[in-house]
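The values are calculated or read from the model by the stated rules, or taken from the named source; none is laboratory data. As the structure is a prediction and not an experimental result, all values here were calculated from the model. Using ideal geometry, Cβ is built from the backbone for each residue, glycine included, and neighbour counts are taken over all protein chains shown. When the accessible area is computed, the model is the full protein with side chains, heavy atoms only, and any ligands, DNA or RNA have been set aside. Shrake-Rupley method; radii C 1.70, N 1.55, O 1.52, S 1.80 Å.
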Amino acid sequence: MKRQRAVVIGASLAGLVSARVLRHFFAEVVVLERDHMPGGPDPRSGVPQARHIHVLLVRGAQILEQLFPGFRDELIAGGAPTVDWPSELLWLAPSGWVQRTGASYELISASRDVLDWTVRKRVLDDVRVRLVDGTDVTGLLTAGHSAHVTGVSTRSRADRTSTDLEADLVVDASGRNSHAPAWLTSMGYPQVRETVVNAFLGYSSRVYEPPPGFAADWKAIALTSRPPEAKRAGVLFPLDGGRWHVTLVGTGHDYPPTDEDGFIEFARTLRSPVLHDAIVGAMPLTAISGYRRTENQLRHFDRMTSFPDGLVVLGDAASAFNPVYGQGMSVAGLSGLVLQGWLKSAGTSATFQKRLAHAVSTPWLLATSEDFRFPTTEGGRPGIGMKLMHRYIDRVIAVATVDDVVLDTFIGVVHLVQPPSALFRPPILARVLRGPRRQPLAAPPPAPAGAIAD
Ligand SMILES: Cc1cc2nc3c(=O)[nH]c(=O)nc-3n(C[C@H](O)[C@H](O)[C@H](O)COP(=O)(O)OP(=O)(O)OC[C@H]3O[C@@H](n4cnc5c(N)ncnc54)[C@H](O)[C@@H]3O)c2cc1C
């Protein structure tokens, strides 16, 4: 029998994906969002990170396609460009330029506002799902000496009225600043423990119109940092309407500036001039936005000695990542799949948190182990195992820049479609231990014949 009502806190990606899943298990799904939601692909204050490049990894795109069939085609029909990784990408890895053949992973290069709007429309098309915006969730309702969450208290931003809303399940998808830890302690539960790994990384981003008549044999650029000495990175991805989205990144407190001259000067100091040379004659279409709240943050709800039923916490509210690895939206999708599996099996909320912790352990490992390459990263120090791992991955990347097979597996791991263990399978291990069979590419490689179709 269907349960009556589920409530979701937050209408960003984790909340929307959750609502999509919940509609099959509850007669009614109510999504509560503090922002007044725009009626189109427009910015809003609750998702300030939308001003920065949001790469949807292949795994995330697969999950969204599974939950919203036709999602990819809808984005492309709306003007979102695709980028074939690596043939259409100029990619300067720590060990040098990456060849542009040997793999093919399609990226849909949409702005975050367009992605959210596309998902939101599909979620709200269903009569079982209702969005109540302009509404803050201010607390949890409980029963049975707080052993069970039975709903939420809300306050309207329009008239400040407070209302209680009962629910069989409350899904907290309210992001990094979730109140769940405080709500739980006020209910008598122990303080949830957190692991924080902070690389002190900052973003500055801007949208441009390319210079008139600009022609290139690439669609996107990714110039990575090279820890520990080269702390700066820069990325350019295409947007609908032929625009470019540019994000500059600095690690270890080397934050990219948000003023006109500083932004261009920072771009000039990247490991290759190619991005700087592209934007220097381009027309800025937006102001420059900065962002510094980028630490990896894992809340260990799964390790609490007791956890109330009727509540689950997911998305950034449970695990948030250094965004430079592009994992957050894919983890929101993964959280939705974990929720789906858990609802089918009807376990306790504590079981859900354990399953979620397992699902996010790979993205967590990938992000934090890379951050530990910088000596300025805080939150524990890598042991000898991590140092050996870094040396092996350095070699993987050096080989991947010139080896089709290793490149394909490496991109698969980065995009969460292959497990990290794939890099240790015998055929890959053998190629990696043998080392690169060609010299690294000294200059940006040209596109393979016929690669750039539009
Ligand atoms: C600078 C930056 C760049 C990023 N780049 C990428 C990228 O390239 N690729 C990628 O996959 N991910 C990226 N991410 C991560 C991605 O933005 C998040 O992982 C993603 O938005 C999913 O988060 P969420 O839905 O859990 O929470 P959020 O997006 O933070 O949304 C939380 C929602 O809850 C609402 N809310 C909060 N409190 C309340 C309350 N009390 N009552 C009602 N509503 C409430 C908020 O208004 C908001 O709508 C980036 C993040 C940052 C910061």
With just the Cα atoms defining each centre, how far is the stretch 186-238 from the stretch 274-337? Give it in Å. 11 Å
For 411, 288, give the ranking by accessible area with the largest first, probe 1.4 Å. 288, 411
Using a cut-off of 10 Å between beta-carbons, work out the net charge of the residues near residue 220 (Lys and Arg +1, Asp and Glu -1, residue 220 not included). -1
State to the nearest 20 debye the size of the charge dipole of the chain about its Cα centre, where the only charges are +1 on K and R beta carbons and -1 on D and E beta carbons. 1200 debye
The stretch 109-250 accessible area per residue, 1.4 Å probe, protein heavy atoms, integer Å², reads 42 Å²
For the chain, count all C-alpha to C-alpha pairs, find those more than 30 Å apart, and express that count as a whole percent of the total. 46 percent
If I ignore ligands, DNA and RNA and count only protein heavy atoms, how much of residue 73 is accessible to a 1.4 Å probe, in Å² to the nearest 10? 90 Å²
Say a paramagnetic label sat at a point 7 Å from the Cα of residue 106, along Cα to Cβ; which residues of the stretch 26-62 have their backbone N under 14 Å from it? 58-59, 61-62
Using the Cβ atoms and a cut-off under 10 Å, what net charge is assigned to the surroundings of residue 437, where Lys and Arg are +1 and Asp and Glu are -1? +2
For the stretch 83-169, which whole percent of the accessible surface, found with a 1.4 angstrom probe, sits on carbon and sulfur atoms? 48 percent
Just need the Rg to Rh number for the stretch 1-70, please, alpha carbons only, Kirkwood Rh. 1.01
Residue 262 neighbourhood, Cβ < 14 Å, K/R = +1, D/E = -1, net charge -2
Hits among lysines - C-alpha to C-alpha of residue 387 under 28 Å, sequence gap 8 or more where chains match: 231
